[in-house]
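Notes to accompany the following structure.
The values are calculated or read from the model by the stated rules, or taken from the named source; none is laboratory data. Note that the structure is a prediction, hence the values are computed from the model and not measured. Note: ideal-geometry Cβ built from the backbone for every residue, glycine included; neighbour counts use all protein chains shown.
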Amino acid sequence: MTIAVRFTPELGAWLNSGLSKGESESALVHTMMTQGMNGGVARAIVTAFVRARRSGTPAPHDSIVLEEGTLDYVDEAPRLAPGRRLVAGDRIVPVLLRLESPVLAVLGGVLAPGECAEVMRLARPRLAPSTVVDPTTGKDVVAPYRRSLGAFFRPNENAFIGSLERRIAALMNMPVENGEGFQILCYPEGGESEPHYDFLERSNDANRASIARSGQRVSTLITYLNDVASGGETFFPKLGVSVSPEPGNAVYFEYANGLDQVDRRSLHAGARVERGEKWVLTKWMRERPFVSAPAT
């Protein structure tokens, strides 16, 4: 897979001029970084111009193409709004913890106790063994490493679900139509999920078609619905962060940027539920309005 790094023709003209004057690559990169450009991106662009000069080929005009993995993940401005308190439509949500790189936050009081209970009541009759997307085939399959029951709600399925979707979209700072339908998971005692990513791997036709329709997943909000007697933390092994489930609270994280990169630091898992059960509501946001797969 490749990624396209775009820049203005004016930057290209400035680079050509600087190289013609004998300015060093490091000086050019430093200047670009002082103007706010990511260091890895700046180095990649300058390197492309230098290689073109040495080979006698035309310099790039307004973009370069890189193989995935040749450029470290580029942090961009967070989608999540700044501040200690976030406006989420009909309520103000406090930020209990925030990481900037990668973007991760623990949020308080996203759902009220009565709302948590209503989500569980509506979901309970729909529960079925949870599935995961097989990275090879793109099909939903029951996996032994995810011991949970799951249910889905269609976007804006009813007035109650629609009100929660509008609040959560405002909280995630994304258009409501970019959200996939809510996924509800119930982990019984002993239930857990192994480390995984929420973004879509381009390893099968189904995922590639989904990305073509709606864009990549860019962010996740996991909201806890009940009090877990013991265990059930959401943990991020590459960050050393573990979030304990508290009813109504949520953990939010981002993992995709405008360069079509995905952030593998977002690896996360659900710890084993030692006592009781754990219920969560998950919302995934896409780059563009979500379009479900055609019926077969």
note = Reported set for region 188-200 where residues are surrounded by 20 or more Cβ atoms within 10 Å (Cβ to Cβ) and more than 19 Å from V262 (Cα to Cα) is G191, S193
Qualifying residues in region 26-39 (those that are part of a helix (DSSP H, G or I), of a type outside the set (V, I, T) and within 34 Å of the chain's Cα centre (by Cα)) - the one surrounded by the fewest Cβ atoms within 10 Å (Cβ to Cβ) = S26
message = Quick check on region 168-220: of everything there that is small (G, A, S) and closer than 18 Å to A151 by Cα, which residue is nearest to the chain's Cα centre (by Cα)?
response = G179
key: Test: residue in region 219-232 that is modelled with pLDDT of 95 or more and of a type in the set (D, E, K, R)   = yes
note = Counted residues in region 79-117 being in a loop (DSSP other than H, G, I, E, B) and closer than 19 Å to V176 by Cβ come to 7
inquiry  = Going residue by residue through region 47-63, is there one that turns out to be touching a residue at least 60 places away in the same chain (Cβ under 8 Å) and either among the basic types (K, R) or within 30 Å of E23 (Cα to Cα) (or both)?
reply    = no
query = Within region 177-187, can you find the residues that are assigned to a loop (DSSP other than H, G, I, E, B) and crowded, with 21+ Cβ neighbours inside 10 Å?
reply = F182
task = Report whether or not L259 is of a type in the set (A, V, I, L, M, F, W, C), part of a loop (DSSP other than H, G, I, E, B) and more than 20 Å from P188 (Cβ to Cβ).
result = yes
message = Condition first: at pLDDT 90 or above, loosely packed, with under 15 Cβ neighbours inside 10 Å and part of a loop (DSSP other than H, G, I, E, B). Now tell me which residues in region 40-71 satisfy that.
response = G56, T57, P58, H61, D62
query = Is there a residue being without any contact (Cβ under 8 Å) to a residue 24 or more places away in the chain and either among the small types (G, A, S) or in a loop (DSSP other than H, G, I, E, B) (or both) anywhere in region 188-198?
reply = no
